[in-house]
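Notes to accompany the following structure.
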Amino acid sequence: IMALARSVGLLALLVSVQGLTREQLFDYGIRVGDKILDSGTDSVRELELEQTLFFFKGEFDKVYVNTNGFISLAEPTGESEYLGKMPASFGMIAAFLGDLDTTDGAGYVYFRQDKSPDVLQRVAEHISQAFPSDDEIEPTHAIIVTWENVAPQGERGPGGEYRNTFQLVVANMKSASYAILLYPEENMQFGSTLIHDEDQPVEVGFNEGKVPGWFSWGSTQGIYYRITEDSEESINALAQETNSGRPGVWVYEIGTSPLFTSITPGEVTEVTEVTEATEVTEVTSVETVVESLVPEPSVPWIRHHEDLLTSEAPYEPLATSPEPFGESSTPDEPQHRYRYVQPQQPQNPQVLIIDEDELNVDVFSYNYETCSSNKHKCSVFADCRDYADGYCCHCKPGYYGNGKDCIAEGKPQRMNGKVSGRIYVGDSPSPVEFSNNDLHSYVVTNDGRAYIAISSIPSSIGPSLQPLPALGEAIGWAFALQQPDYRNGFSIIGGVFTRQAEVVFQPGNERLTIRQEFSGIDEHDHLLISTELDGRIPEVPQGATVQIEPYREIYQYSSSLITSSSRRDYTVSMPDGSVRTHSYLWTQSIKFQSCPHEEVLSAVPASQQLSVDQIFVMYDSGNQLIRFAMSNKIGSIHSGIPEQNPCFTGRHGCDTNAVCRPAQGKDFSCECASGFTGDGRVCYDVDECSESPQICGPFSVCSNQPGSFRCECVEGFTFAGDGRTCVETERPVDHCQRGTHDCDAPERSRCSYTGDSSYICSCLPGFSGDGRACQDREKTACERHREAAQASSSSGGFFFRPRPAVGQYVPSCDAYGAYEPLQCHASAGQCWCVDSSGLEIPGSRAQPGSRPMCKMWLYISVHYHLWAVLCCSAVSRAPAALSAWCLRSCFQGKVVIAVAFDCVEQMIFWSDITQPSISRATLQGGETSLLISTDLGCPEGIAIDHMSRNMYWTDSILDRIEVSRLDGSQRRVLFDDDLINPRPIIADPAYGYVYTCTGPTGTATGTRKVECIDPFSRLRRKLTEGIQYPFAIVSYGRNLYYTDWRRDAVVAMDRHDGMEVEEFLPQRRSRTYGIAITYPQCPAGVNYCSRDNGGCSHLCLPRPGGFTCRCPDARDDSCVEQDQNF
């Protein structure tokens, strides 16, 4: 290769060797369908092949996977007959043959067959790169075996810390098979094992085993093609050199049909990837000639690690391929001799000078991102730091995390998420399926105690989930109490990672797969989790309890992968008093992405131990909840004297919102977490919004949160690209007011502004069309009916309008020609309800002198501002942060159901169903006023019309809806027909509507959805689903607040994304019922009853387009009823 260099800035490309990483192995584990070999020191599992494997001259339809780093082509003998005594009598592909051990629960052997296109394509790439001259590389089947974190049998080094991870892939084609060996450099920590009390190097190679002798006389030892020699240095070279162009990857053709000659190694002994760039300046013009190396195709290319640092002349390669073993003269005395292939010394590193004009810049991927343009991607509690090739985020002092997510030290952490699953229980042929069940967790970080609850777990599976606190173990690990010099999960990798785990129960071998996605901290400071479960678990009978013994688990850390495993023992106490002890094996991997510009794990020990004790599990069948609690500590894998300082034991007495600071001996101090104030023993939330009103900047609103605050832009503004500055959005245009609409002429149509620059065109009464084109419409059925009635007895005189005969019924039509829902016969003095065709609705005809209520409305929550009011055995007020305080008046022995609020007089209204009544008191907790106490069954809903000064309520026993003035006077029944258990009720004063919801007794969760509905178009939009047992609901800002009977809580939910953001549990467990909102001033608006009670003598009832004056049910001769329409 030749290039011309000039006197300009140039680049010198240096060939460098970078080892394989674990992430570059073929995917393995339960999530990709792998099976797991039983733990042990010499475990074996037979694998029936889906396609023939060619090995030496033979064809095989099964292989045997072994703990000791190999697969065999026949059932292997005991390890004492082949370890240290190679070659063995059976065929073997030895990826890393030694006395290996997986009994400690940290190491595993995974294996599978794979025909997926992605895997086969990657296999073909490895083979093609190793044999560039070969054509038609088309593998159709692969065997993938992964030895993960296997340890050498017996003591080796302090604490037995040495572990290896490596992989063997056997690729099968129609007439040939290949072996691909992969050795990730950072995961190859030992090269020898103890055999017969001697430290012997492991072996890598291909052993043909016993083969028939000449003329079928007995058998003789076949070929043993050994890749390594008896030195640990040659083992080290496996992870650093190659015969396929990629360090740590070795490819061999191991069998062909119909004719086999020899094992053939890959031909590319040089690293083909350019991975480093060094700048060279002011180089004088010179021609440089670089000779390419021509590898010896028949020689496996292995170099000693030390050879990488030398520049001596290369070894003279062997001129021939490895020779097969000679045949013995008798079958009983085989000649155990084999040949080691001498490693080849590398050439000196080559420097290739390239003309700047000829440089292909696409070879490089420089990262010029800096903090100046990316600081907003860091947490608000983090600093941004520039590096030579990019930037990283670092949490500020007093906070911990990965810089993208930062949490105040000592502050408790909440987690919310969803759980979905498909699980078989015991021998059941059908699974239990559930979707989007709520998961809630709370961790007291200064003592490592974690609490997890999962809701809506049916009793058919709930008891059987009790042995699985592992569902929340990642939460405990993430926020475990840190021992000196050790770090929990969140402080290392933050809150964005994927967790894959498998549970194998003993002795039944049931398997459960757990997959969890941790999505980081949301705007409410909650960690978001999504969980999926799949598999089979042993059955735990109804009424049985489970006790789980404390356990320890070793976590292994690498650049972007964390693995762990352990054995768990648990005891099941049966309802009959008997006790059974069981166990399961647990393995997991955690994948994450750290900042690529710094070594995140440089200060973290390669192995840490999670200690879990005080484990509590319970299934609450009444509420269908599974609960777990556990204490978690992260520390050294070595046994020693436990730390005695209370900060490290968790027994310090600091406030749950404080961090414990250790001192000498057992001394310590308590310091309130950031965002809290106090002496550390007791900490109070700092209201940043009150103390620093301008903290959020212009055009924004500050919302205080425990230990923090949240900024939201006011209407008409949105966050800019930095995520913090509120900028003006495009202002909406009222085209109706501007006259820039396309509706028809104003004498025929109406333009109605609907917000966000939108509008609706509609034709005026007497016209039809889409509003943009309106024509004189034809008379409707109601109008023709009315004209016919009016003309039936008309004299026909020119000067007289048609009028009906005396006693003739004339239908009432609305402005659009439709039948009015209420029809009356003046002469008969009766009224009734009709459908859209004008037909009378059976049972709706009222007695003379009264009128039926002919309109029913759907329930909809009203969106107002500020407080949420919680009712239990007393009336209390809970602000948006959901911390409660009670009114001074408590009601012993009462059940308060409905709650409502009058914004004008700042009064709270409530109903009691024990001795049915409706009462009120001032918001500050003044004297209680009893409003209604007679003729009540079960008042379950109250609504306040603050404009008309009316109160409406439902009665689910008497099946009616009533109205009165706010002081309880002038009471009147509004609806008492066709109602079944009316419960919630909402008043919409501005439009004169009342909304209610009815249903049969015993109705529980229904669809478990929250939806909003436009009362005019009746279009519905789903906000969320999967909620438990909501009773009442209100809205404030972007949150919905609802009471939940199953969780006995008030739950706050973000109505934009449907995620739960807060939960309030009463100090004493009790069912939560009504909820209302309070606000400092009434919403703007008026209706026809707002001024002077509409001129009515008693009740003024607003309605769309007018109002009605009504009298109370109690006779009052001074009352005058009348209808007014405008």
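The values are calculated or read from the model by the stated rules, or taken from the named source; none is laboratory data. What you see is a predicted model, and the numbers here were worked out from it, not measured in a lab. Counting neighbours? That spans all protein chains shown, and the Cβs are built from the backbone with ideal geometry, glycine included. Side chains included, ligands, DNA and RNA excluded: accessible areas come from the protein's heavy atoms. Shrake-Rupley method; radii C 1.70, N 1.55, O 1.52, S 1.80 Å.
Residue-wise test of (1) of a type in the set (A, V, I, L, M); (2) open to solvent by 50 Å² or more (accessible area, probe 1.4 Å).
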| position | (1), (2) |
| --- | --- |
| 177 | no, no |
| 182 | yes, no |
| 196 | no, yes |
| 227 | yes, no |
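Rundown of residues vs (1) farther than 25 Å from residue 1044 by Cα; (2) open to solvent by 40 Å² or more (accessible area, probe 1.4 Å); (3) basic (Lys, Arg), yes/no style:
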site: 454; (1), (2), (3): no, no, no
site: 465; (1), (2), (3): no, no, no
site: 481; (1), (2), (3): yes, no, no
site: 485; (1), (2), (3): yes, yes, no
site: 493; (1), (2), (3): yes, no, no
site: 504; (1), (2), (3): yes, no, no
site: 511; (1), (2), (3): yes, yes, yes
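Return yes when residue 570 is touching a strand residue (DSSP E or B) at 6+ places or on another chain (Cβ under 8 Å), under 26 Å from residue 648 (Cα atoms), touching a residue at least 60 places away in the same chain (Cβ under 8 Å) and aromatic (Phe, Trp, Tyr) and no when it is not.
It is false that residue 570 is touching a strand residue (DSSP E or B) at 6+ places or on another chain (Cβ under 8 Å), under 26 Å from residue 648 (Cα atoms), touching a residue at least 60 places away in the same chain (Cβ under 8 Å) and aromatic (Phe, Trp, Tyr).
Checking each residue of the stretch 1070-1085 against the condition of being modelled with pLDDT of 75 or more, outside any strand (DSSP E or B) and crowded, with 19+ Cβ neighbours inside 10 Å gives at least one match.
Pairs only if they're at least six apart or on different chains, beta carbon under 8 angstrom, first in the stretch 983-1010 and at pLDDT below 60, second open to solvent by 30 Å² or more (accessible area, probe 1.4 Å) and hydrophobic (A, V, I, L, M, F, W, C); list them, first residue then second. Hits for this filter: 999/980; 1000/980.
Conditions (1) more than 30 Å from residue 381 (Cα to Cα); (2) open to solvent by 60 Å² or more (accessible area, probe 1.4 Å); (3) modelled with pLDDT of 85 or more; (4) aromatic (Phe, Trp, Tyr), marked per residue:
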position: 700; (1), (2), (3), (4): no, no, yes, no
position: 708; (1), (2), (3), (4): no, no, no, no
position: 713; (1), (2), (3), (4): no, no, yes, no
position: 717; (1), (2), (3), (4): no, no, no, yes
position: 732; (1), (2), (3), (4): yes, yes, no, no
position: 735; (1), (2), (3), (4): yes, no, yes, no
position: 742; (1), (2), (3), (4): yes, yes, yes, no
position: 752; (1), (2), (3), (4): yes, no, no, no
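Any residue at all in the stretch 725-744 that's in contact (Cβ under 8 Å) with a residue 60 or more places away in the chain and either out of contact with any Asp or Glu (no Cβ under 6 Å at 6 or more places or on another chain) or farther than 22 Å from residue 1061 by Cα (or both)? No, because not a single residue in the stretch 725-744 is in contact (Cβ under 8 Å) with a residue 60 or more places away in the chain and either out of contact with any Asp or Glu (no Cβ under 6 Å at 6 or more places or on another chain) or farther than 22 Å from residue 1061 by Cα (or both).
Kindly establish whether residue 564 is among the small types (Gly, Ala, Ser) and closer than 19 Å to residue 604 by Cα.
Working: among the small types (Gly, Ala, Ser): yes; closer than 19 Å to residue 604 by Cα: yes.
Criteria met by residue 564.
Residues of the stretch 904-955 that are closer than 26 Å to residue 1108 by Cα, open to solvent by less than 10 Å² (accessible area, probe 1.4 Å) and in a loop (DSSP other than H, G, I, E, B): 948 alone. Taken residue by residue, the stretch 559-573 has at least one member that is under 16 Å from residue 486 (Cα atoms) and aliphatic (A, V, I, L, M).
Listed here are the residues, each with its yes/no results for (1) under 23 Å from residue 255 (Cα atoms); (2) surrounded by fewer than 23 Cβ atoms within 10 Å (Cβ to Cβ); (3) small (Gly, Ala, Ser).
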position	(1), (2), (3)
38	no, yes, no
41	no, yes, no
91	yes, no, yes
96	yes, no, no
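Among residues of the stretch 475-490 that are in contact (Cβ under 8 Å) with a residue 24 or more places away in the chain, those with a Cβ under 6 angstrom from a residue that is open to solvent by less than 10 Å² (accessible area, probe 1.4 Å) and β-branched (Val, Ile, Thr), sequence gap 6+ or separate chain, pair up as 479/443; 480/634; 482/634; 486/634; 488/634.
In the set 566, 573, 519, which member is in contact with an Asp or Glu (Cβ under 8 Å, 6 or more places away or on another chain) and either modelled with pLDDT of 90 or more or not β-branched (Val, Ile, Thr) (or both)? Of 566, 573, 519, the one residue that is in contact with an Asp or Glu (Cβ under 8 Å, 6 or more places away or on another chain) and either modelled with pLDDT of 90 or more or not β-branched (Val, Ile, Thr) (or both) is 566. Checked against (1) assigned to a strand (DSSP E or B); (2) surrounded by fewer than 14 Cβ atoms within 10 Å (Cβ to Cβ), residue 642 meets all criteria but (1).
For the stretch 35-59, residues that are part of a loop (DSSP other than H, G, I, E, B) and either acidic (Asp, Glu) or at pLDDT 95 or above (or both) total 2.
Checked against (1) open to solvent by 10 Å² or more (accessible area, probe 1.4 Å); (2) in contact with a Pro (Cβ under 7 Å, 6 or more places away or on another chain); (3) over 21 Å from residue 75 (Cα atoms), residue 258 passes all but condition (2). Residues in the stretch 668-706 that are part of a loop (DSSP other than H, G, I, E, B), in contact (Cβ under 8 Å) with a residue 12 or more places away in the chain and under 11 Å from residue 658 (Cβ atoms): 673, 674, 680, 681, 682. Pairs meeting the criteria (first residue in the stretch 513-542 and over 20 Å from residue 1062 (Cα atoms), second residue among the aromatic types (Phe, Trp, Tyr), beta carbons under 6 Å, at least 6 apart or on different chains) are 536/424; 538/505.
Matching residues to (1) in a strand (DSSP E or B); (2) under 21 Å from residue 232 (Cα atoms):
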site	(1), (2)
61	yes, no
74	no, no
77	no, no
80	no, no
84	no, yes
89	no, no
93	yes, yes
96	yes, yes
105	no, no
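I'd like to know if the stretch 536-552 contains one or more residues that are hydroxyl-bearing (Ser, Thr, Tyr), under 26 Å from the mean Cα position of the chain (by Cα) and open to solvent by less than 20 Å² (accessible area, probe 1.4 Å). Taking every residue of the stretch 536-552 in turn, none turns out to be hydroxyl-bearing (Ser, Thr, Tyr), under 26 Å from the mean Cα position of the chain (by Cα) and open to solvent by less than 20 Å² (accessible area, probe 1.4 Å).
For the stretch 972-987, the condition of being buried (at least 18 other Cβ atoms within 10 Å of the Cβ), more than 46 Å from the chain's Cα centre (by Cα) and within 19 Å of residue 851 (Cα to Cα) holds for at least one residue.
Assess whether residue 1119 counts as being at pLDDT 85 or above and either open to solvent by 90 Å² or more (accessible area, probe 1.4 Å) or in contact with a His (Cβ under 6 Å, 6 or more places away or on another chain) (or both).
Values: at pLDDT 85 or above: yes; either open to solvent by 90 Å² or more (accessible area, probe 1.4 Å) or in contact with a His (Cβ under 6 Å, 6 or more places away or on another chain) (or both): yes.
For residue 1119, the condition - at pLDDT 85 or above and either open to solvent by 90 Å² or more (accessible area, probe 1.4 Å) or in contact with a His (Cβ under 6 Å, 6 or more places away or on another chain) (or both) - is met.
Does residue 619 meet the test of being in contact (Cβ under 8 Å) with a residue 60 or more places away in the chain, of a type in the set (Phe, Trp, Tyr) and open to solvent by 20 Å² or more (accessible area, probe 1.4 Å)? Criteria met by residue 619. In summary, strands (runs of 3 or more DSSP E) completely within the stretch 404-521 and bearing 2 or more residues that are within 25 Å of residue 1027 (Cα to Cα) and charged (D, E, K, R) occur at 413-425, 432-444, 511-521.
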